[in-house]
1. Rounded to the nearest 0.05, what FRET efficiency do LEU51 and LEU380 give with R0 = 25 Å and r taken as the Cβ-Cβ distance? Could you check?
2. Stretch HIS410-PHE457 to full length: gain in nm at 0.36 nm per residue minus the Cα-Cα span?
3. Can you compute the modelled spin-label distance between PHE269 and LEU39, with each label point 7 Å from Cα toward Cβ, in nm?
4. Going by how many other Cβ atoms sit within 10 Å of their own, how do VAL19, VAL128 line up, fewest first?
5. In Å, what Kirkwood hydrodynamic radius results for region 287-327 from the alpha-carbon pair distances?
6. Give the calculated FRET efficiency between LEU430 and LEU464 to the nearest 0.05, with a Förster radius of 22 Å applied to their Cβ-Cβ distance.
7. Provide the gained length on full extension for the span LEU438 to LEU104, in nm with one decimal, where the gain is 0.36 nm per separating residue minus the Cα-Cα distance.
8. Where does the chain land at 222 nm, in deg cm²/dmol rounded to the nearest 500, when only DSSP H runs of n ≥ 4 count, each adding -39500 (n - 2.57), divided by all residues?
Amino acid sequence: MRGEFLGNLVFLLFINLVVKPTYLFGIERVVQNSVQEELFGVYFSIVNLTLIFNVLSDFGLQGYNARHIAQHPQLLPKYFSDFLLTKALLALLYTAVLLIIGALLGYLQHYPFILLGMMAGQVLNSMVLYLRSNLAGLGLYWIDSLLSVLDRFLVIIFLGIPLWMGRFDQGFPLQHFVNVQMMAFGISALVAFGLVVRRAGWPVFRLKKARVLAVLRAGVPFVLTYILMNLYTRADAPMMEQMLPNGKVQANLYASAFRLLEASNVIGFLFAGLLMPMYARMLRAGQNVAPLAHLGIQIIWSGAISLAMCCLVFRLPIMKALYATGGPYSAQLLGWLMLSFIPMSGVYIFGSLLTAQGSLKQLNRVYVCGVILNFSLNLLLIPKMQALGAALANFSTQAIIFSAQLFLCHKIMGFSVTTRQVGQFVALGLGAWGLAWLGQQYLYEGIRLWAFVMAFFASCFLALILRLIPLRELFKTLKAS
């Protein structure tokens, strides 16, 4: 299973490191620099709002389905129709709730088409994620990987070419960006639907209350997990925009720094999507999942620690290079948010394991505490420190949640990060910071941000020296594939 994980991981990382950063920095960043500062702050707040409540259109079905189909793939044709019908009903619930909240916050009155467009896009994206969970559950990881980037690839094709050709030099209509995203999600949903239908057959829709209720009951523990995670991760931008007199400007600055965290977080999300069905299969077969979990944390933290330390040192040059509004303040935001990436990436490894193992009750208790902590810190720090307060709250929350998950893994499953691994991670962190500092001091004046790139790759090489990345096993996997 370790070999299967490594082989699929290489393919997954390759396509995502090409497509998603191109979208975030080649499209979304250009859009942010092209539109009014306050308007993009509103857009960022609306996006986070739609993501927080998007769990209502999923209701935990994706997580439940990924685990269930991985363990019982023969049941896909039986449950496919029921799940699709349930998804349609949940989409109506999500729409109703979001319209009410949007009206209460003033978004529906002042920015109706942005709210409606992003809401429709999230409904379609939720459908894509559910359909992908079927393919991952069947072991079709490479197809799932391709679908994970299809929507962003379509946005790059439809919007990137006109942007890079200078078609919008006189100003960019933000609504056009929203519409293109919605269209890309729609095409991705159709493609994913066709791929699943080939294996499950055409759905036959018959409204059976008992089955719909059974599906919803099965998803309840998962929905609570996802809504709590979204709350402590995404609530800061809407809170900031609503609480501060200059909230739209602060949300825009926060969005500029958060984009690098979001680009990095793509890797963690992919790890979780790849590991979840593998964990489920191994646990059902009675196999030891500890080696796979240790391999996952070593690989993801090799990259996360290296990237976070390099971004911390180069935070001001990065923000100045990327944004018209980049400066010392936004550089501080980037530093704290990228430090958050270290515990966040760990959460994807051990949170997925606890979910696959069925320890959702204990996991949800951790997330409830995380939401309370995050909201309390945001309410305390945002009025005093503005966006920087939100960044500090995010880092503190992520660190405590990851620590709690490690404790749960040790208590429930009898293993956690080893003392040897802790020493390796500390050595990597110090070494990466030192390499980045040397690059900034002696190379930045000559080669600019290429010094950052060199420091990052040097840090990854240090991870190889520290034996955090099993290079020999990786080569064997690639040779056998």
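Throughout, read-outs are computed from the coordinates displayed, never taken from laboratory work. All of these numbers come straight from a predicted model, not from anything done at the bench. For neighbour counting, all protein chains shown are included, and Cβ atoms are generated from backbone atoms with ideal geometry for every residue, glycine included.
1. Approximately 0.60, to the nearest 0.05.
2. 13.6 nm
3. Placing both labels 7 Å beyond Cα along the Cβ direction yields 2.5 nm.
4. By the 10 Å Cβ count, ascending: VAL19, VAL128.
5. Taking every pair of different Cα atoms in region 287-327, averaging 1/r and inverting gives 12.3 Å.
6. Computed FRET efficiency for LEU430 and LEU464 comes out at 0.85.
7. Separation in residues times 0.36 nm, less the Cα-Cα distance, equals 115.1 nm.
8. Here the helix-only value at 222 nm equals -28500 deg cm²/dmol.
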